[in-house]
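J.: I have a structure here, written as structure tokens, and I will follow up with some questions on it.
The values are calculated or read from the model by the stated rules, or taken from the named source; none is laboratory data. Owing to the predicted nature of the structure, the values given are computational and were not obtained by experimental measurement. Cβ sites come from the backbone with ideal geometry, for glycine too, and all protein chains shown count toward neighbours. These accessible areas exclude ligands, DNA and RNA; they are computed on the full protein's heavy atoms, side chains included. Shrake-Rupley method; radii C 1.70, N 1.55, O 1.52, S 1.80 Å.
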Amino acid sequence: MRAEAVKLGQALLNHHHAVTTKIPPQVGKKGIPSRYTIAYSKLCEHSGTAHILRMVGSFLGEIAEWCSENDYPPLNSLAVNAQTGIPGEGYDGAGGFTIVNWPTEVEQCIRFSGYPKKMP
């Protein structure tokens, strides 16, 4: 995994931990509140990779592959376009995940507690 993907992945792990600790997902309650997701620009800012904002999708694809290889829900599903509130075109197919299943996949990500604290 490229260094930028590791930095983005760590920022996503940190974000996941922070938001699910602050606002634990409610058992039985469906829906993906926007408070769990993070805009690409904020993600790049938090990870110190602002210079890759225009091409962040390829690095998020590496995170999707890592999640798939480790049987984790797609951590990259938390990263969204600020205007649309959903992932961009690059999400579809990365790691075998699909935009059609994104609502389910991001829900699984939010509820998952088995991510490591550090990216490899």
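J.: Conditions: (1) under 13 Å from A5 (Cβ atoms); (2) touching a Ser or Thr at 6+ places or on another chain (Cβ under 7 Å); (3) not in a helix (DSSP H, G or I). P120 meets all but one. Number of the miss?
T.: P120 satisfies every listed condition except (2).
J.: Here are some residues: H46, H17. Which one is open to solvent by 40 Å² or more (accessible area, probe 1.4 Å), closer than 14 Å to F112 by Cβ and in a helix (DSSP H, G or I)?
T.: H17
J.: For segment 70-86, what are the residues that are touching a residue at least 24 places away in the same chain (Cβ under 8 Å) and either closer than 17 Å to C109 by Cα or surrounded by 18 or more Cβ atoms within 10 Å (Cβ to Cβ) (or both)?
T.: Answer for segment 70-86, where residues must be touching a residue at least 24 places away in the same chain (Cβ under 8 Å) and either closer than 17 Å to C109 by Cα or surrounded by 18 or more Cβ atoms within 10 Å (Cβ to Cβ) (or both): Y72, P73, P74, L75, N76, S77, L78, A79, V80, G85.
J.: Could you check how many residues of segment 72-116 are of a type in the set (D, E, K, R) and closer than 19 Å to P25 by Cα?
T.: Count: 3.
J.: Ok, one more. Is there a residue being open to solvent by 20 Å² or more (accessible area, probe 1.4 Å), among the aliphatic types (A, V, I, L, M) and part of a loop (DSSP other than H, G, I, E, B) anywhere in segment 27-40?
T.: yes
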